[in-house]
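To start, the structure under review is shown below, and the notes come after it.
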Amino acid sequence: MRLRATLASIAPGTPLRDGLERILRGRTGALIVLGYDRTVEQISTGGFTLDVPFTSTGLRELAKMDGAIILDRDITRIHRAAVHLMPDHNIWSDETGTRHRTADRVARQTGFPVISVSQSMQIIAAYVGSTRHVLEGSGQILSRANQALATLERYKQRLDEVASTLSALEIEDLVTVRDVAVVAQRLEMVTRIAAEIEDYVLELGTDGRLLALQLEELVTGVDAERELVIRDYLPGGRRTKSPDKVLASLEALSSIELVDAAAVSRALSIGTGEHLDAAVAPRGYRLLAKVPRLPPTVVDRLVEHFGTLQKLLSAGIDDLQAVDGVGELRARSVREGLSRLAESSILERYV
């Protein structure tokens, strides 16, 4: 999270990134600490106390002097410039250059992000805790991001196919553990690829606006669908995991485990590798979520009252009205909505 926040503060379009780019073009190099407290003060000697508003041009001019520049945490003021930093030499660092080694040690000792601009190598490196991240140009990042976006589009298309198949199987009461595991597997894959693209969007700043719009269009509704699948097939009983714990178990799977339907089914707590073809019955959360203007509280009451999707599908208007909060109009809306979903799902599968 700290690295993400730091990357957001130095992304293209921000005043700090503008200042860093100016320093790169001026070929002067710089060492910039993004935070000021007692610890930073203790390892700082010499230099000038400024306490002036931050500007990208001011940062560029101050970088012409030797020494570090110290900003406040919010990057709104420049506290000191031309400072000689003396971090604890016992702090381990594998950096060899004086500026980079100092940046690494200061970041580890103070907990504040430190930016190092290399004069000879013409690179910008961000040190956050024990992590070193070298900033790349927007063109390089966009190239990788577009490859990831193309992969996401293919995975999303496959997800839509298996989700549609699952809906048809639910209506026909033919769902197996394997069918649920495949949908959960695809949902998790799409989520992971989307998270990778989100990191690219963050690092691109204003250059990633179009990418962000494309990503949002592709993944809208995926998080909700993932939760609905888990709630639909979560086993009952006292020892049942909560949906959040099941989701955490799914997220904890390695890339290798995720392609194994048996491992996914174990994470979902719906079976083992030996019972992938065992039948399971959905509660009805997924299909009820597709019925227009149906509040979540009413969905919960319907599922609690009927227990399974098959009972919901066979329920008449009077049966639905027996549920608290479901009047005649809403009962007809639910009945007609489920009927349309059943008809369209079966048509999509067999036609």
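Here is how the numbers come out for the structure above:
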item: Scope region 31-46; condition under 32 Å from the mean Cα position of the chain (by Cα) and surrounded by 15 or more Cβ atoms within 10 Å (Cβ to Cβ); matching residues; result: Leu31, Ile32, Val33, Leu34, Gly35, Tyr36
item: Failed item, numbered, when Gly13 is tested on (1) surrounded by 17 or more Cβ atoms within 10 Å (Cβ to Cβ); (2) within 29 Å of Leu204 (Cβ to Cβ); (3) in contact with a helix residue (DSSP H, G or I) (Cβ under 8 Å, 6 or more places away or on another chain); result: (1)
item: Criterion (at pLDDT 95 or above and in contact with a Pro (Cβ under 6 Å, 6 or more places away or on another chain)) met by exactly one of Ile43, Ile78, Ile32, Ile69; result: Ile43
item: Counted residues, region 210-234 - those being within 23 Å of Ala248 (Cβ to Cβ) and part of a helix (DSSP H, G or I); result: 13
item: Region 131-167 - residue that is hydroxyl-bearing (Ser, Thr, Tyr) and without any contact (Cβ under 8 Å) to a residue 40 or more places away in the chain and, of those, nearest to Val182 (Cα to Cα); result: Tyr155
item: Leading residue by the ranking (nearest to Tyr285 (Cα to Cα)) among those in region 298-317 that are more than 39 Å from the chain's Cα centre (by Cα) and touching a residue at least 12 places away in the same chain (Cβ under 8 Å); result: Ala315
item: Test: Ala163 is at pLDDT below 95, within 22 Å of the chain's Cα centre (by Cα) and under 30 Å from Ala342 (Cβ atoms); result: yes
item: Helices (runs of 4 or more DSSP H) contained in region 14-120 and holding at least 2 residues on the phi < 0 side of the Ramachandran plot and hydrophobic (A, V, I, L, M, F, W, C); result: 15-26, 56-62, 98-110
item: Count of region 265-288 residues which are farther than 22 Å from Asp173 by Cβ, under 24 Å from the mean Cα position of the chain (by Cα) and either at pLDDT below 90 or of a type outside the set (D, E, K, R) (or both); result: 1
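The values are calculated or read from the model by the stated rules, or taken from the named source; none is laboratory data. Quick caveat: nothing in here was measured; it's all calculated off a predicted structure. Note that we place each Cβ from the backbone using ideal geometry, even for glycine, and neighbour counts take in every protein chain shown.
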